[in-house]
Amino acid sequence: MQGIATRDTGGVDSGYAWARLGLSMFLATIGGAGMWSVVVVLPAVEREFGVDRADASLPYTATMIGFALGNLFIGRFVDRFGVMVPLALASVLLGSGFLLASQASSIWIFALLQGAMIGFGSAATFGPLLADVSHWFAKRRGLAVSATASGNYFAGAIWPLVLQAAMSEYGWRGAYILAGCVCLAVLVPMAFLLRRPAPHMATGARHVEPPPPVRTTPLSPGALQFLLIIAGLGCCVAMSMPQVHIVAYCVDLGYGVARGAEMLSLMLAGGIASRLVSGVLADKIGGLRTLLIGAVLQCLALFLYIPYDGLASLYMVSLIFGLSQGGIVSSYAIVVREYLPAREAGRRVGAVITATIVGMALGGWMSGWIYDLTASYQAAFLNGIAWNMLNIAVIVLILLKSGRPRRLPAAA
């Protein structure tokens, strides 16, 4: 019988699946440049174009909007055609976007290119990859999805340092040219290494139903997805405050861009560890409980930014924040795969991930707007905490509506 492939045929939980996971992590690390580069160049762009902090935050907001739409639309194509072709085309868009943005003559053109090309193109290396990897694992799905998502944080730990070094020599425009060349040279050819279709899409498996969701709820799929969207929006408005503005915050405190970039890298390095631990935990207690733990820890970490603004303190708090929240976004993808049908994974994961990115975009702009009103980031941290509380409340509601998990099929 040729249903869902097993270990012996290089399918679910096989050696090939682990190799594919490693490649997906690498692709996510390179493609993650599209999300984190704009954070590093924000102060330089603000100075060059002579705009205030809220307007300087618009390119990041545009990037997140493009990233959100990319996750939504590319995920639908992955459900139908697999991940290879959408990933290759999006990678061309991403690399070309960096090259064109390096020549932008105004903040508005820069923001447009960030959203329409860089943000949209980089989306292929996040939600669509998470959905694809989820099909190749059953027993270690939580770890696999979280490990793939950690590629985005590897990008956040590596790219700010690389771009900061390039900026010191060639300016932010030269740094963008470097990023564009790397994305075109690496992502496009390596996308074709993912040409093998997911097990449930393989020839001979089309008439075999994949295993049903392992967790149940009386909520309809639409209602569950709606609640996850609200939760994702709330958690990421909160998450965006330190991630988007830590560099600018350090500049305002007199510590400089380099110290802020180091804190961002430290934060995201902590996020890598958090995502991997969260994946292991999700395999044991489920994605929803893991999501709740991450949301509570993130809220507590946000409180620490309010009283502590010394240089050493900010390094420590940034690490604590990264260790607290790193597993949150990947947990949404795990929850979707636990509760909703496999054949809808790209669409459903894409929709929920889109909500988290919209939250990052909204929060990134909102924090800059609050800063302009108050000349301080303290109120912006409090705003993030309030949104985090909403996130926790929705997760608790879903948890109260959840039933017992089903036992995994023996073949899985």
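The values are calculated or read from the model by the stated rules, or taken from the named source; none is laboratory data. These numbers were taken from a predicted model, which means no experiment stands behind them. In this analysis, Cβ positions are derived from the backbone assuming ideal geometry, glycine residues included, and neighbour counts consider all displayed protein chains. Accessible surface areas use protein heavy atoms only, side chains included; no ligands, DNA or RNA. Shrake-Rupley method; radii C 1.70, N 1.55, O 1.52, S 1.80 Å.
What the table shows:
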{"item": "Residue tally, condition at pLDDT 75 or above, in a loop (DSSP other than H, G, I, E, B) and more than 15 Å from residue 82 (Cα to Cα), over region 174-218", "result": "2"}
{"item": "Sole residue being in a helix (DSSP H, G or I), more than 17 Å from residue 329 (Cα to Cα) and modelled with pLDDT of 85 or more, chosen from 246, 230", "result": "246"}
{"item": "Boolean, residue 392 is free of Cβ contacts under 8 Å to residues at least 24 places away in the same chain and assigned to a helix (DSSP H, G or I)", "result": "no"}
{"item": "Residue 122 being small (Gly, Ala, Ser), open to solvent by 10 Å² or more (accessible area, probe 1.4 Å) and touching a residue at least 40 places away in the same chain (Cβ under 8 Å)", "result": "no"}
{"item": "Some residue of region 320-327 being surrounded by fewer than 17 Cβ atoms within 10 Å (Cβ to Cβ) and not in a helix (DSSP H, G or I)", "result": "no"}
{"item": "Among the residues listed as 335, 277, the single one being under 27 Å from residue 12 (Cβ atoms) and either open to solvent by less than 30 Å² (accessible area, probe 1.4 Å) or in contact with a strand residue (DSSP E or B) (Cβ under 8 Å, 6 or more places away or on another chain) (or both)", "result": "335"}
{"item": "Verdict on residue 84 being within 20 Å of the chain's Cα centre (by Cα) and surrounded by 24 or more Cβ atoms within 10 Å (Cβ to Cβ)", "result": "no"}
{"item": "Subset of region 136-160 that is over 19 Å from the mean Cα position of the chain (by Cα) and not charged (D, E, K, R) - its residue that is surrounded by the fewest Cβ atoms within 10 Å (Cβ to Cβ)", "result": "138"}
{"item": "Any hit, region 339-362, residues being surrounded by 24 or more Cβ atoms within 10 Å (Cβ to Cβ) and free of Cβ contacts under 8 Å to residues at least 60 places away in the same chain", "result": "no"}
{"item": "Test set (1) crowded, with 24+ Cβ neighbours inside 10 Å; (2) under 15 Å from the mean Cα position of the chain (by Cα) - residue 263 fails condition number", "result": "(2)"}
{"item": "Residue list for region 25-53, restricted to those being over 14 Å from residue 257 (Cβ atoms), hydrophobic (A, V, I, L, M, F, W, C) and open to solvent by 10 Å² or more (accessible area, probe 1.4 Å)", "result": "25, 26, 30, 35, 49, 51"}
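Conditions tested, residue by residue: (1) free of Cβ contacts under 8 Å to residues at least 40 places away in the same chain; (2) within 18 Å of residue 35 (Cα to Cα).
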{"position": "236", "(1), (2)": "no, yes"}
{"position": "255", "(1), (2)": "no, no"}
{"position": "293", "(1), (2)": "yes, no"}
{"position": "297", "(1), (2)": "yes, no"}
